[in-house]
Every structure is written in C-alpha cells, then in structure tokens.
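Novice: Structure incoming, see below.
Values quoted throughout were computed directly from the atomic coordinates according to the rules given, and no laboratory measurement underlies them. What you see is a predicted model, and the numbers here were worked out from it, not measured in a lab. FYI the Cβ positions are ideal-geometry reconstructions off the backbone, even for glycines, and counts take in every protein chain you see.
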Amino acid sequence: MILTVDIGNTTVCVCGVEKREAEGHTAVFCTKLETVPGKDGAAYKAELRDALRKADVEIGQIEGAVVSSVVPCLNRPIHACIRAVLGREPVWITCQSKTGLKMDVEYPEKVGVDRIVDAAWVAANCPLPAVTVDLGTATTFNVIDEGGVFRGGAIAVGMATGLKALAAKTAQLPELRLDTVDSAIGKNTEACMESGAVIGAAAMIDGLVARIEQELGKPVTLVLTGGMARYAEPFCTHPHIYDPQLLAKGLMLLYEWNVERPAPEKIWLLLPALRA
Ligand SMILES: Nc1ncnc2c1ncn2[C@@H]1O[C@H](COP(=O)(O)OP(=O)(O)O)[C@@H](O)[C@H]1O
Ligand SMILES: CC(C)(COP(=O)(O)O)[C@@H](O)C(=O)NCCC(=O)O
Ligand SMILES: [K+]
C-alpha cells in the first residue's frame, strides 16, 4: 500500500492506495485532515497516527508515500509528519516529475501540482482528448489533448468558497452547509443559494466544456472529481465519469514512475545489511 497525500487549500486528503489484480489502482481508505497554515508536524503526526489506527492500517503495510501540495507553508510540517509516522521519506511530485504529460502552458512551474496529478492519471488511463474538473476550494479545469499535451484550462471559484463569500459580503444571506439539491427554482433563500451554487456549478461545467470542445474541434472525455463533485455531478448533462479517487490514484501512479529504486548493483550492496 502507498500512502498518498494531497495538501489542498481546505483539506489534506490522505489515502491508502493499492494496485489490485482485478480493479487496478484502488484507494482502500481515505481520510481528510484540516488544512491549517501554521500547524506543526507534531500535531499532524498525532492526527495521521489516529487516522491510520481508525482505518485499521498497520505502518508495516505502507511501502511508501507520495505528496502533492498547493499550500507551500504546509510542505515542511507534512514532510516531518510522514517521516515520523512511516520512518521514510515521501516522494514529492513537482513540475519536474515524470508525469507522461507534455506541458503547453506559459509557466509549467506555476500550475497547481494537484491539477498535474489529475491530468497525468487521465492522460494514462482515459480516451483523449479529455477534460478533468476538480471541485475543491477552487473549481479547476484541465485540458489534455489527444497527444497527451496539457494545454491549460480554467480556474473558477469553488462551490463552498462562493457560498462563504456570499455570506460574508451580503447583509441578508446566511452561512450554509450544502445538502442535496432538487430544483433549479429555489423557493426560499437557502434553496436559491443552493441552486445557484450546485446547479450553477454543473451548468458552468457543461458550458465551459462545450467551449473547450469547440476550441479543440473534438468531443472530450469528461472526468469529475474533488470534495464538492458529488453535489454537482448529478446535474451535469455532458457524459462524464465521476471518480472521487482520481487524485489518489494519480498520486500512486506518479509514485511508481518517480520513486528512486536502488540500481541492481546497489541491491547487491544492500544484501548484507538485509541479512543482518
Ligand atoms: N456539505 C458541505 N457544505 C459546504 N462545504 C462543504 C461541504 N462538504 C465539503 N465542503 C467543502 O468542500 C471543500 C473541500 O473540498 P476538497 O476537494 O477537499 O478541497 P481542497 O482540495 O481544495 O482542499 C471545502 O471548501 C469544504 O469546506
Ligand atoms: C487552483 C488551485 C488554488 C486549486 O487548489 P484546491 O482547490 O485544490 O485547493 C491550485 O491548483 C493552485 O494553487 N494552482 C496554482 C495556479 C495554477 O494552477 O495555475
Ligand atoms: K484538490
């Protein structure tokens, strides 16, 4: 099992991913820790140990760890946390990692690593061209053309972020926790806000993907993921795949492609140590 860790702006998503005979890459557990800038490695260490215990995972089952981050101030604490819990160094995914993607954007080093991981999985596993949409703090769109080229995309306000901004910037709109939505026509303030956030996000996805298809001149495979995707996904009319494990599976794939294994001659050097 590989521990995959995605440091997002709202949550640090930790999963245990295995490669299974029949199903391929599969997340066997997932847990979300809160993203708290300033929180130290020791505090995350306690939370991670607790989460692993609750998931019934023994440290010995975990062969390695891999991390993507779009919150640089948490990189050190999370690195320290993983090293302390697993006793090994995690692999960090960056724009320099082997991803199988060719980057056709102005500043590849500025693209969020979570976007690259989503795109890399889809480029390796789905019919291309494809669009991935990750509904988290932000709603991000990635466009991968039929040659496996990352062509860029779009970044829009996330559903929960939009609702928080509305409550903060208006006198009469309440704080809201999203629930299932059943109608585009809300009959009260909360229902109106939910329609705007959820069905609005779905309509934006359908509309933006249609524009992207126009620009590419081809239909795309659409893959939806992220913490908020389950709310909007039922309202997307474009054919799509909903895969809440996209980022975790992508991280394990990139672990396999980027982990440094000892060269064969070094394995002979290690053998005496292994026997001891
Ligand atoms: N029912 C809900 N109502 C409001 N916000 C929610 C709900 N469920 C999850 N969230 C929010 O979903 C977002 C988390 O999505 P996630 O994909 O984990 O984000 P990120 O990758 O940006 O950290 C956050 O904005 C979180 O507060
Ligand atoms: C767009 C994002 C804020 C999305 O982050 P998330 O919603 O996953 O927390 C993140 O991918 C990011 O900081 N990107 C850098 C800019 C870019 O991708 O072009
Ligand atoms: K994310």
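Novice: For Glu63 and Leu166, compute 0.36 nm times the residue count separating them, minus their Cα-Cα distance, and round to one decimal in nm.
Specialist: Extra length available between Glu63 and Leu166 comes to 32.7 nm.
Novice: Can you tell which of Val17, Trp92, Ala201 lies farthest toward the positive end of the dipole of the chain, using +1 and -1 charges on the Cβ of basic and acidic side chains (Lys, Arg; Asp, Glu)?
Specialist: Positive-end residue among those listed: Trp92.
Novice: Taking every DSSP beta bridge that has both residues in the chain, what percent is antiparallel when rounded to the nearest 5?
Specialist: Close to 65 percent.
Novice: Under a cut-off of 20 Å between alpha-carbon atoms, report the lysines in cross-link reach of Lys110, not counting same-chain residues fewer than 8 places apart.
Specialist: Candidates past the 8-residue exclusion: Lys98, Lys102.
Novice: Something else: Given +1 on the Cβ of Lys and Arg, -1 on the Cβ of Asp and Glu, and no further charges, what dipole in debye does segment 2-92 carry about its Cα centre, rounded to the nearest 20?
Specialist: 260
Novice: Tally Lys and Arg at +1 and Asp and Glu at -1 over the other residues with C-beta under 12 Å from the C-beta of Phe235: what net charge comes out?
Specialist: Net of charged neighbours comes to -3.
Novice: Please give the calculated 222 nm ellipticity per residue for the chain, where each DSSP H segment of at least 4 residues contributes -39500 (n - 2.57) and the sum is spread over every residue; nearest 500 deg cm²/dmol?
Specialist: After summing the helix terms and dividing by the residues of the chain, the value is -11500 deg cm²/dmol.
Novice: A follow-up question, please. For the chain, what ratio Rg/Rh do Cα atoms give with a Kirkwood hydrodynamic radius?
Specialist: A ratio of 1.01.
Novice: If you restrict to DSSP beta bridges whose two residues both lie in segment 2-92, what percentage is antiparallel, to the nearest 5?
Specialist: 65
Novice: If you don't mind, another one. As an exercise, identify the GluC sites (Glu not before Pro) in segment 158-246 lying in DSSP coil whose Cβ has no more than 13 other Cβ atoms within 10 Å.
Specialist: In loop regions of segment 158-246 (DSSP not H, G, I, E or B), the sparsely surrounded GluC sites (Glu not before Pro) are Glu175.
Novice: Still on this structure, I have one more. Every cysteine in the chain with no other Cys Cβ under 4.7 Å from its Cβ, please list them in numeric order.
Specialist: So, Cys13, Cys73, Cys81, Cys95, Cys126, Cys192, Cys236.
Novice: For Lys32, go through the lysines and keep the ones whose alpha-carbon is under 17 Å away, minus same-chain ones fewer than eight residues off.
Specialist: Cα-Cα hits under 17 Å: Lys45, Lys54, Lys249.
Novice: Please report, in debye to the nearest 20, how large the charge dipole of the chain is about its Cα centre when each Lys and Arg carries +1 at its beta carbon and each Asp and Glu carries -1 there.
Specialist: Dipole about the Cα centre, nearest 20: 660 debye.
Novice: Can you find, among Cys192, Tyr255, Tyr231, the residue farthest towards the positive end of the dipole of segment 175-264? Put +1 on the C-beta of Lys and Arg, -1 on that of Asp and Glu.
Specialist: Of Cys192, Tyr255, Tyr231, it is Tyr255.
Novice: Restricting attention to the alpha-carbon atoms of segment 156-224, what are Rg (one decimal) and Dmax (integer), both in Å?
Specialist: Values for segment 156-224 (Cα only, Rg and Dmax): 14.5, 45 Å.
Novice: Sort Tyr107, Tyr255 so the one with the fewest other Cβ atoms within 10 Å of its own Cβ comes first.
Specialist: The most exposed by this proxy come first: Tyr107, Tyr255.
Novice: Please report, ordered by residue number, every helix of the chain (full DSSP H runs) that is 20 Å or longer along its axis going by C-alpha atoms and whose mean Kyte-Doolittle hydropathy reaches -0.5.
Specialist: Span-like helices here: 200-216.
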